[in-house]
Structures are given as structure tokens and as C-alpha cells.
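Just so it is clear, none of the values below were taken in a lab; they were calculated from the coordinates. The structure presented is a predicted model; accordingly, all values stated were derived computationally and were not measured. Neighbour counts run over all protein chains shown; Cβ positions are idealised from the backbone, glycine included.
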Amino acid sequence: MRFITFFLLFTQVIFAQKTISGTILSKETRTSLSGVFVRDTKTENWAISDKDGNFTITIPYFQDIELHFSILGKKDVNQTLKNGQNTITVYLEDNTLFLKEVVVTAEKQRQYSELTLGKNAINNVQAFSIDDVLQQLPGQTTADFNLNQFKTITFRTASDLTSARGAKSFGTSFVINDIPISNNENMQSLNPNVTGPYGYLRQNAFAASNQNVFTNPNYGVDLREIPTNTIEEIKVIQGIPSAKYGDLTSGLVLITTKVGYSPYRVSASIRDATTEFNLTKGIKFNSNNSMNIGFNYLDSKTDPRNSLLSYQRVNGNLSWQTKNSTSKIKNTLSTTFRTNLDDAKKDPDDITDAVVKNDKKGISISDNFMWKPNNLWIDGLNLNTGFSYDKQFSRKEQWMNRSFTAATNSLEEGIHEAYVLPSQYTSISTVEGIPISSFANIEVTKAITNKAQWVHSLVFGLSGRTSSNKGAGRKSGVSGLQNFYTMDKGGDNTLGYRDYDFNRTRTENQLSAYLEDRIYKKFEEDKVLNIDFGLRYENQSGNVSLQPRLNSSYSINKTFRFRGGLGLSSKAPSLNQLYTGERYIDRLVANGIYSYPGLYQKAWIQTIITPGDNFNLKPSKSYRTEAGIDINLPFANVNLTGYYNKLVNGFTSQQLPVYKEVPKVVVNIVGAEIPTYEIEGTEKFYYLTQTVQNNNTSEDVGIESIINFNKIKALNLDISMNTSYVKSNDFSRTSLYVKSTDLLSSEKYGVYDSRPVISENFTASFNFNYHIPKAGLVISLRSEHILMQTTNSATKIFPNGYLDSELVYHEIPENERTDTQKYGHLIRGLDTSQYKLDQMLHNFHLRLSKDFSNGFSVSFYATNFLNLKPYYYINGERHQSDIANFSFGTRLNYQF
């Protein structure tokens, strides 16, 4: 009996609850709105309005209640309830330019450093993909308009694009409706053995040029594939993510798509040689069922005068949302069909021009299930599942003109008769990949309040994901002609190319569990503490880690709020890094091709096989910390954030010196008879092979600010600005092996440490937004300023040691490494010079948008509308800056 009494008292204290009821109406028509999602901003509790616009929500605390109301087509509203208030009436406005307040920039969230981009911020740029939208964020700059290469993004770094920045983009996670998009399964590379994971600028990539690269294995998600027509909101976490999210190191982008009733919306956009068409419609069957359909078509050419290089995208999606009669269960089933085609045709004026096709077709199915049971111990249960299937086919064809060479397709070690290739032939190489991924997550939530009014919102979840690729893999040549990544221009040892079946790869699994406590406490009127503490258990293909995550903020009064956070996260290696296949060294026997005109052409290749796959790779890890302050001034809101991030165990390629005992071959030539060979003993063969290792490390330290000034009502003008300074230090534990310039010396290879690269970037951006609500008119001017941009690395590298003729390492005493008399043939004088921006770069972008009351709207966009063409100098050489060139376009919208 005592236990029962204690239990009842305990539940009254810990689980004391308050019920809020209300009605939601359309402000324009004063009619009820059904299907509005109501969420408590401090806990995970939620409710949905019924057919009469009524809702009821249970709150586990009694003070500072704030509810968030959202529905497709209406502006989101946060409504605060005063003490003792149990009922509320809410009016939601149509989300058009006729609103009194239109936000066209990224908004900082109330508690931490995350940024939110709503509908009008998405429309502030002529966005053909999500990449255009994210360029508005602090630290980013508008790139030259080009959809004919893959697009990725990283946050809070100054690292250059081709190396460390590309590696960091692999750790940027994109999540659509709580389902992560994965690029771990992408294996569309011709020969990862040659270039390692990040050498896409070399000629083994599917590319029309070094600037137009189509495939992105080991990089981040290709943002060209994500259109914006069905996106309702984008939330960007550049700092410490919730413990709910894993498999990331460089940032998190959460995308929410449109679900619910909406009229037909048709839009068309044109810019340079790019056109886009969109159609969306939300159908409401009854108060409990609605469906959304969306269609997107895009065609982009790099040059409006021809169609030699083009990119096409077709995307269709279908979402069905249903809830039960008591609004305790909500389920959203979504399906997306997509095709993406990069097509590089042959230039008729260039016979050596490559013909490249990169075709990707796929389907994704996801389901989001939310249940609010009538149970004292559980507030909510969420189940999210997703499945993605793609078929990728990449093909590269190129006419070759070179001296006689030879090739073999043998998969066994030994000496094999070679194909003698003609001096002119067409090389064809293909890769067929079928990346398949799945994801499942289940979580339960419970909010409790103790006697001292500490609010705890507890979340516990389990998740799992799989990655596999079932494609036919890499294929070479036609009619027995291997592609040109076999023997090079004759007579040398080179890394050979072989077909590789992706079915040899196994399915990689990730299993996770997480627990998070979101704490809220109000001490006095303006002293408020928020703490989100979580712990994530991650098992990535057998690599186990515990990842603590912490975000906190404390308001000391109405003016100042302090923020801080730290956390650990990890990113699993891709299938393309793990499964590279065996490494084949093809060695032309006796260093020659034997030919007798009209009688024979003869050659043999000695094949040496080295094990390839990199199963010892571990996940890369990221340690992230930040601290900030929010200042609420009478004329502006100021947000300052400083951060320090460190990436360790990053993926990079590494050469390894090895040797094998191989047969020693002698070729016998007798007159016009076909040559033969015989083996006379053995010899040692020394060579360098390639592997992928966890040798990369990077540090980023910086500060960024966002200032939103109060609206100047007399001018209908909103002004905001953001600045970002970041310094990045990228270094690696890899060793570099470079041949000596003295072929007769005993030191055959100099051994060097990898060069550290230090980069700095300081940028600023201003937004001027002139808005006339009654006219539905917005004129926006956005300026971008690159105030500083530098890259510094050693221009000379002195060797730590050398490899002798048997590839044995000898360390050079430290006091002798700079001795040019003794080791001048090993000291490297690098061509790459220091880069420093000599003068500031500026760019200005313009947008003019007008909504009409009949449902028609029009927008005009101009990038670099002043047509600025600044230059900078490197070693006296004049280079045009890489700011976005002048470009303009328009978008027409009509809803009915």
C-alpha cells in the first residue's frame, strides 16, 4: 500500500501534465484549417488539427509554453501561451509576398547555431538545385553557373576544392524527411587503384575536361540531383549535430518536403542555356488523407550555341499522408523517381575529343510513421524507413593515336602473350553500378518535469543502414582492345587495368543506438538554460565508437545569451575505397614489341599481382567544438560563433614500395622466325603499389557572425549581413616517393613528408530587402565580398630519407637534409607557388519578384549584375578571379 501511495505521488511530480486546446483558422477566409501540425518547441509532443480546425496537446510543464504551427502553403507561426492560459486561437496567413514580413535570408535558430532557410529564402536565388540555395550561407560564395559537373558542399573550411575540401564534402550528410541520402555505395570510377580516392582530375575519371567531372565516388552527394520544387524548409547544422544523426563529419543538412493540400503550381525558369519546368499539386481526399505529386524537368547546356555538353534531370515524386480519426497516428509514404544524364558529345573539330555518358536512374521509397500512444510512460513512437535503388552506367570513348603498345587481360600471375595494339584505335571503357542502400530508425520520446520545474525531453533510438553495389562493374575495351590504362607508350612497367565485378563486394552495415536528453530550465524571468546532451553508439562494419554530443545555451537577460557545444562524429569509408580490386603490374617482357613486316608482331607481358582491397580502413572522425553569443540590441540581433574542428583518420592514397621474385626472361630471335622466350632463373622486381589509408588530418578554426537589423519601416527595408573568417591546416602522414634526377646515384627515390597546406578565407555578405506587402513586391540586393584568400605551403621539400635500388629505406640525418651538394638530386623544387589575394573581390546579385492576386508571379534574377571582372596576380601573371560571371534569368509561376 505504501508503494502504491509513493508511486502515485511520484507520478504526480514527475509526470504532471497540462492540456492545451485550440482552434486554427485561415487569416484570409476565417475558415478552419485541418491537418495543421502543432508541435511543442521544448519537447517532442505534437498534435494535428481535426476537420474543424480544433486540436488538443498535452504539455508536461506549466510555464513558458510555446507552440509551433505549420501547414503547407501557410507561414509557420510560433505562439506563446501566458501562465494559466489553456486555450488559444491561431490565425495562419498565406505564405506569399503579400505577408507583412518576408524573410529571404537564412535565419539563426533560437537556441544554438543552426540556420533555417524557408520558402522565401529558397526563392531568393534562382535555384535549379539545392546547391544554389546553400551558397547563401556564411562562408560560401556564389559560384559561376555550371550544371555540367557534380556539385558538393562543405561548411566552415578554407581548404581548397581538389584535395582536403573534396574529402570533407564526403562527410557532409543530407537527410530528407529523416531519411539520409547516401553516397557510400557509389563506385563509378574507372580505376581507383591508380589515383586513390581523390584523384578525379586525372584522365581516368569520367570527364569532358578537368573542369567538367561527372562522377563523384568518395565525394559528397551530387547536389545537382536535388531539385527545390518540393522543398518546404532546409535546416543546416554546421556545428554539433543531434545524437540522432550519424555517418557524418563535416555538417548536416535537414530537408523537409511539401506534404498536404496545395493548388496546382506550374513554374518555368530559364537562365543562359538552362531551362527548367516544375509542376506540383496537393490533393486532399478528406480530413485524414492527402497526396502530393511533383514533377521536375531540367535541361542544361554548357554553351547555348551547341549541345556538345549537356546535363538533363527528370524527377518525379509522390507523397501520401494519412492520419487516424483521433489524430494519434500520422503516416507519410513517399516515392521518388529520378533520372540524371551527363552527355558529352564529340567535337567535330577535335578528333581526340572524348565522348562521355554518365546515366543514372533510380527510385527511392521512404515511410515516416508517428504514433502518440495513450500511455503514461511513452509520449511518442517514430519509425522511419527508407530504401534506395539506382542503376548507373558510365561510358567513355576516345580515339587513340600513339606508338605501338601491348596489353593483356590475364587475371593470373606469370608471362602471357600480349595483344599488340595498333597505333590508332578507339578505346571504350564502361562502369555499371547498381548502388543499393536501406535505412531504418525507431525512436521513442518521453517528456518529464520534476518538482523544481526542470523539463527533460528524453529520446531513445535505434537505427541501421546497409550499403551494397550489385552492378556489373568496370569493363574495358571492345573486340579485344583493352582501354588505354594498360600499357602506356610501350616499354615501361605500369599499373594494369582489369575488369572488376562489383558483385565481389559485400554489403556493409552500420548499427547505431542513441540516447538524448533535451533539458529546459527557467530560473527567473529572463534567465533560461537549454542543454541538449546525447550519447551515440556507432558500429560501422565492426568499428565501434561512443560519440558524446552536447549543445547548450544560457540567457542571462533579454540582451545576452551564451552558447557552447562539443561533439564527436564519424564517417564510414565508401565501397569504392574498401573494394579497389587486386593491383596488376603489367611488365613488357624484354622491354619490347617484336615485329617483322608482313610476318608477325609479337610481345609478352609479365603480370605481377598485389592484393588490393583496403579492409583495414577505419571510419574518419571529427571533433567539433563551438562557442557563441547572441546579443539582442534595440536596433539589431547579433550572433557571433567561434569554432574549432579537427578531422582525423581522413582517407587518402598512399604508395607502398614492394618487391617480388619473378622469372628472368630471355627472348630468342632467329631471322624471320617468330620469336620465342625462355626463363633463365629469377630476379627481384621492385615497384610501388597504391593503397588507401587513414592518414589525413585537418584542422579548421574560425569565427562567423550574422547580424539582422530591425526593419526600417519608413523605407520598407530589411538589412542583414554575415561574415566568416576561417583558417584551415591540412596535413597528412603519407610519405611521398619521387625518383631521383640522377639515374646513376644509389639513391633511387627520395622519401618526403606530405606538404602541409595552410589556407585562410575571410568573406562577408550583405542583404538589402525592399518589400512592399500591399503590392506583393520584393527587390533584393545581395552583395558578396572576398576580403582575404590565401594558400600557403612549402615550395621546397627536403627528403627525410631515400630508397636504394632494392627499395630499402635509409634515413638522412636531419642536419644533412638541406645539403644540396650531397642530396641536390633529391631536393624537390615545387612549381606550385603561394597564393594570396592582392585585392578584395566584390560581387552583387539582384532579384525582383512580384506576386499577383490572380495566382501569377514572376521573378527576375541577375548574378554579378554589374558585370565585374576583377583580376588577381600570381608571380606577376594576371588571372581573372573566380567570382561568378554575369548571368541573368527569370522564373514564371502560376497557381490555380
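The table below lists the values:
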item: The stretch 373-465: chymotrypsin sites (Phe, Trp or Tyr not before Pro) in DSSP coil with no more than 12 other Cβ atoms inside 10 Å; result: 377
item: Packing rank of 64-70, 361-367, where each peptide gets the mean count of other beta carbons within 10 Å, highest leading; result: 64-70, 361-367
item: Distance from the stretch 602-680 to the stretch 39-94 (C-alpha centre basis), Å; result: 53
item: Cα gyration tensor, the stretch 340-420 - rounded (a/c under 1.5), prolate or oblate; result: oblate
item: Extension gain from residue 346 to residue 451, taking 0.36 nm per residue of separation minus the Cα-Cα distance; result: 30.3 nm
item: Cα gyration tensor shape of the stretch 281-391, rounded if a/c is under 1.5, else prolate or oblate by comparing a/b with b/c; result: prolate
item: Sparse-neighbour loop sites [trypsin sites (Lys or Arg not before Pro); the stretch 304-334; at most 11 other C-beta within 10 Å; DSSP]; result: 305
item: Estimated FRET transfer efficiency when R0 is 60 angstrom, pair residue 537-residue 666 (beta carbons, to 0.05); result: 0.45
item: Spatial separation of Cα centroids for the stretch 362-401 and the stretch 495-549, in angstrom; result: 17
item: Cα-centre dipole for the stretch 759-896 with unit charges at Cβ (Lys and Arg positive, Asp and Glu negative), debye to 20; result: 1120
item: Charge context of residue 226, other residues only, Cβ under 10 angstrom, K/R +1, D/E -1; result: +1
item: Magnitude of the charge dipole, the chain, Cβ model with Lys/Arg +1 and Asp/Glu -1, debye to 20; result: 3020
item: Summed residue charge, Cβ within 14 Å of residue 883's Cβ, Lys/Arg positive, Asp/Glu negative; result: -1
item: More than 15 angstrom apart: percent of Cα pairs within the stretch 665-711; result: 78
item: Degrees between helix 2-14 axis and first principal axis of the chain (Cα, 0 to 90, nearest 10); result: 80
item: Cut-off 11 Å between beta-carbons: net charge of the residues surrounding residue 734, Lys and Arg +1, Asp and Glu -1; result: +1
item: Cβ-based charge dipole, the stretch 108-895, positive-most Cα from 895, 884, 286; result: 286
item: CD proxy at 222 nm, helix term only [per DSSP H run n ≥ 4: -39500 (n - 2.57); per residue of the chain; nearest 500]; result: -1000 deg cm²/dmol
item: Förster radius 51 Å - calculated FRET efficiency between residue 30 and residue 655, Cβ distance, rounded to 0.05; result: 0.10
item: Estimated translational D of the stretch 738-896 in µm²/s (Stokes, Kirkwood radius over Cα pairs; 4 °C; 1.567 mPa s); result: 62
item: Fraction of antiparallel bridges per DSSP, the chain only, in percent to nearest 5; result: 95
item: DSSP-loop trypsin sites (Lys or Arg not before Pro) across the stretch 727-799, with at most 15 other Cβ within 10 angstrom; result: 733
